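Structure first, then comments.
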Amino acid sequence: MPIHVDYLVLGLGGMGSSALYHLARRGLKVRGIEQFGVAHDRGSSHGETRIIRKAYFEHPNYVPLLQRAYELWRELEQESGKRLFNPCGLMVAGSPEGEVIQGVRLASRLYDVDVENVTSREAAERFPGFRIPNGFEVTWEPEAGFLYVEECVRTQIECAISLGAQVCLNEKIISVSINAESIEVRTETERYLAAGMIVTAGAWSSSCLQELHLPLEVVRKVLFWNPVRQPLYNLDAGKGCFFFDMPYGEFYGFPSLDGETVKLAEHTGGATVADPGNVNRELMETDAPAVSRFVSEVMPALDPEPARHATCMYTRTPDRHFIVDRHARNQRVVYGAGFSGHGFKFSAVIGEILADLATQGSTAHPIDFLSASRFASG
């Protein structure tokens, strides 16, 4: 016999755990299905930390969503009693003509985000662990910082459960059938019939929503923890996050949490993944050279060779913006996809938006620019 539910959430990473929480917060009966465990390391929502910032160089339309995300992360901290966000600040450096520096300043100007312009002399004094390349300009966003990514996922799920949500873990989805009359999900152990559904399946989104032919590309990404040579990057010494727009790629990182290593990675690049369930998680010869070059050139107090690494996946759209929309065949099905690379910081508000769309059919949040219709042919 099938199990009948009001709302299903498929995938309980950053976005799904938030959607589960926001549905439960409204007093709704909801069940989340996750093929792995809570805050697992098989997808895109792991690796200890994620940067959060408001001066959004990718597109200023994201800023109102970020403003709400900040509010929601603070609310979740208050509700749970856990620390999820560390406002340690963010340094951004790049060519003054580059999209990154120009985008930071545009978002700051349009939405009055607090961003400081830092001169080369000031940068040398304020950021002694960095060699700023000649001709680069530097900004500092004091309200930026990082989220403790696994703790965020765990907390959203725990709070959802405390509000009555049910969670099915280590339950792999076999098929999803969506038509105008019904929503059916089969897993390895159960068959579910749902009145409404939210799909937040990350790298598995295309397989859960095959009929939509979403233009998603999954790429393999590697995170590195490099040993420190001098204590110039320590969080407890007031150091912040960083993002560098280099001629050969974009690189970002975090203050040292343990005083021994700094986590950093290349935002650009990445090899396409054919099967998200079968990703090479070993360190390959081609993984570290670009990051090691960046460290050698820009971070002299850091060892260019990593002490450890972790592998995750970006799920990207052609224009690198998210897709948040309702299903063309059944308006009671909503989905979010293509977040990876810069999405986790939004998960608090994306969960609220998906819950709005699932229960009301619309949201007051400005998400028109994230509609799947922008990829329609013709």
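Brief remarks on what is shown
- Shape call, the range 337-378: gyration tensor on alpha carbons, a/c limit 1.5: oblate
- Exposed loop sites were defined as trypsin sites (Lys or Arg not before Pro) in DSSP loop states (anything but H, G, I, E or B) carrying at most 16 other C-beta atoms within 10 Å; in the chain the longest segment without such a site runs 173-228.
- Computing FRET efficiency as 1/(1 + (r/R0)^6) for Asn179 and Glu71, where r is the C-beta to C-beta distance and R0 is 35 Å, gives about 0.40.
- Dipole of the chain computed with +1 at Lys/Arg Cβ and -1 at Asp/Glu Cβ about the Cα centre; of Gln166, Ser256, Ala337, farthest Cα towards the positive end is Gln166.
- Model label sites at Leu110 and Glu97, defined 7 Å from Cα along the beta-carbon direction, differ in position by 2.3 nm.
- Between 0 and 90°, nearest 10: helix 347-360 axis offset from the chain longest Cα axis: 20
- The GluC sites (Glu not before Pro) of the range 123-182 meeting both criteria, a DSSP state outside H, G, I, E and B (loop) and at most 12 other C-beta atoms within 10 angstrom of the site's C-beta, are Glu181.
- Our Cα-only numbers for the range 217-318 put the radius of gyration and Dmax at 14.0, 43 Å.
- Simple Cβ-charge dipole of the chain, Lys/Arg +1 and Asp/Glu -1, about Cα centre, in debye nearest 20: 540
- The range 69-150: Rg to Rh, with Rh as the Kirkwood radius over Cα pairs: 1.06
- Within the same chain, lysines fewer than 8 places from Lys54 are excluded, and of the rest, those with a Cα less than 29 Å from its Cα are Lys82, Lys221, Lys239, Lys263, Lys345.
- P(r) of the range 285-328 over all Cα-Cα pairs, binned every 10 Å from zero, in whole percent: 20, 31, 24, 16, 8, 1
- With Cα atoms, 0 to 90° folded angle of helix 14-25 axis to the chain main axis: 50
- Neighbour net charge for Glu143 - beta-carbon separation under 9 angstrom, K R +1, D E -1: 0
- Measuring nothing but how far apart in sequence close Cα pairs (under 8 Å, 6+ apart) lie, relative to its length, the chain scores a relative contact order of 23 percent.
- As a calculated quantity, the FRET efficiency between Asp303 and Gln210 at R0 = 30 Å, using C-beta atoms, amounts to about 0.10.
- Folded to 0 to 90 degrees: helix 289-298 orientation relative to the chain principal axis, Cα: 40
- If the segment from Ile161 to Glu79 were pulled out straight at 0.36 nm per residue, it would be longer than the present Cα-Cα gap by 28.2 nm.
- When every Cα-Cα distance of the chain is counted in 20 angstrom steps from zero, the calculated P(r) takes the values 29, 57, 14, 0 percent.
- Here is how the number arises for the chain: DSSP H runs of 4 or more residues each give -39500 (n - 2.57), the sum is divided by the residue count, and the result at 222 nm is -7500 deg cm²/dmol.
No lab work stands behind these numbers, since they all come straight from the coordinates. Small disclaimer: the values here were computed from a predicted structure and weren't measured. Cβ atoms come from the backbone with ideal geometry, glycine included; neighbour counts cover every protein chain shown.
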